[in-house]
Amino acid sequence: MIRLLEDKIKSPDKLKRIVSYLKKHGERIVFTNGCFDILHYGHVKYLQEAKRKGDCLIVAVNSDASVRKIKGSKRPIVRQKDRLRIVAALESVDYVASFNQTTPLEIIKILKPDVLIKGSDWDKNDIVGKDIVLKYGGRVHTIKLVKNRSTTAIIKKVAQAR
């Protein structure tokens, strides 16, 4: 069944109700987050691997303001609304939400996912929300990233091609 993009993009409060329903029906909720500025194969592979860790994959996408705080004033390249739609279009992604903070801590507290995922470029001890998820019996995993695939590298290559 193909779902419309708009059906996959939810507010954190709506997702909280959806997650509660899914958990009552035995679904394992997987959560990850990121800027997902210029989507590339590394992102797609990462999200496919994340989905394999459970039944429902929720991706929290940094808002434009949040990306600027993290990456600098020239980012994001792709605006928030489009980034949400692009991530939602991926088959492996069940739901998408945006968040304004520089970390996903608040949305993790709201959703209480069963599995928290980050890329292997993160030290497991530094993953935001790890302590919360582990405290209620959830799991935390890192996923190996595809080598030589990054938004920053794409931006540099485009700038050099000018």
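Find the residue count for segment 111-123, including only residues that are surrounded by fewer than 16 Cβ atoms within 10 Å (Cβ to Cβ) and touching a residue at least 24 places away in the same chain (Cβ under 8 Å).
Residues in segment 111-123 being surrounded by fewer than 16 Cβ atoms within 10 Å (Cβ to Cβ) and touching a residue at least 24 places away in the same chain (Cβ under 8 Å): 2 in total.
Just to be sure before I move on: is residue 108 of a type outside the set (Gly, Ala, Ser), out of contact with any His (no Cβ under 6 Å at 6 or more places or on another chain) and over 18 Å from residue 51 (Cα atoms) in the structure I sent?
no
Can you tell me which of 152, 102 is over 17 Å from the mean Cα position of the chain (by Cα), more than 26 Å from residue 3 (Cβ to Cβ) and surrounded by fewer than 18 Cβ atoms within 10 Å (Cβ to Cβ)?
Numbers: 102 fails: over 17 Å from the mean Cα position of the chain (by Cα).
Testing whether each residue is over 17 Å from the mean Cα position of the chain (by Cα), more than 26 Å from residue 3 (Cβ to Cβ) and surrounded by fewer than 18 Cβ atoms within 10 Å (Cβ to Cβ) leaves just 152.
Determine whether residue 95 is over 16 Å from the mean Cα position of the chain (by Cα), open to solvent by 30 Å² or more (accessible area, probe 1.4 Å), under 21 Å from residue 56 (Cα atoms) and at pLDDT 95 or above.
No, not satisfied.
Against the conditions (1) crowded, with 18+ Cβ neighbours inside 10 Å; (2) within 22 Å of residue 129 (Cα to Cα), where does residue 90 fall short? Just the number, please.
Here residue 90 meets the rest and fails (2).
Looking at segment 98-132, which of its residues are over 14 Å from residue 34 (Cα atoms), at pLDDT below 95 and touching a Lys or Arg at 6+ places or on another chain (Cβ under 8 Å)?
Once the filter is applied, which keeps residues that are over 14 Å from residue 34 (Cα atoms), at pLDDT below 95 and touching a Lys or Arg at 6+ places or on another chain (Cβ under 8 Å), segment 98-132 yields only 124.
In the list 135, 81, which residue meets the criterion of being modelled with pLDDT of 95 or more, within 15 Å of the chain's Cα centre (by Cα), on the phi < 0 side of the Ramachandran plot and surrounded by fewer than 12 Cβ atoms within 10 Å (Cβ to Cβ)?
On the way: 135 fails: within 15 Å of the chain's Cα centre (by Cα).
When all the criteria are applied, what remains is 81.
Within segment 111-162, track down each residue that is among the charged types (D, E, K, R) and not in a helix (DSSP H, G or I).
Selection gives 112, 114, 118, 121, 123, 139, 144, 147, 149, 162.
Filter segment 47-78 for residues that are polar (S, T, N, Q) and assigned to a loop (DSSP other than H, G, I, E, B); which is most open to solvent (accessible area, probe 1.4 Å)? Full working, then the answer.
So in segment 47-78, the residues polar (S, T, N, Q) come out as 48, 62-63, 66, 73.
Then keep just the ones that are assigned to a loop (DSSP other than H, G, I, E, B); that gives 63, 73.
On the way: 63: 1, 73: 106 Å².
The qualifying residue most open to solvent (accessible area, probe 1.4 Å) is 73.
Do any residues in segment 62-89 that are among the charged types (D, E, K, R) have Cβ atoms under 6 Å from those of residues that are in a helix (DSSP H, G or I), where the two are at least six apart or on different chains, and which pairs are they?
These pairs meet every condition: 64/80; 75/67; 85/5.
Just a yes or no: is a residue in segment 56-70 more than 12 Å from the chain's Cα centre (by Cα) and of a type in the set (S, T, N, Q)?
Within segment 56-70, one or more residues are more than 12 Å from the chain's Cα centre (by Cα) and of a type in the set (S, T, N, Q).
The values are calculated or read from the model by the stated rules, or taken from the named source; none is laboratory data. Here the structure is a predicted model, which means the values were calculated and not measured. Virtual Cβ from ideal backbone geometry, glycine too; neighbours counted across all protein chains shown. Keep in mind that these areas ignore ligands, DNA and RNA; they rest on the heavy atoms of the full protein, side chains included. Shrake-Rupley method; radii C 1.70, N 1.55, O 1.52, S 1.80 Å.
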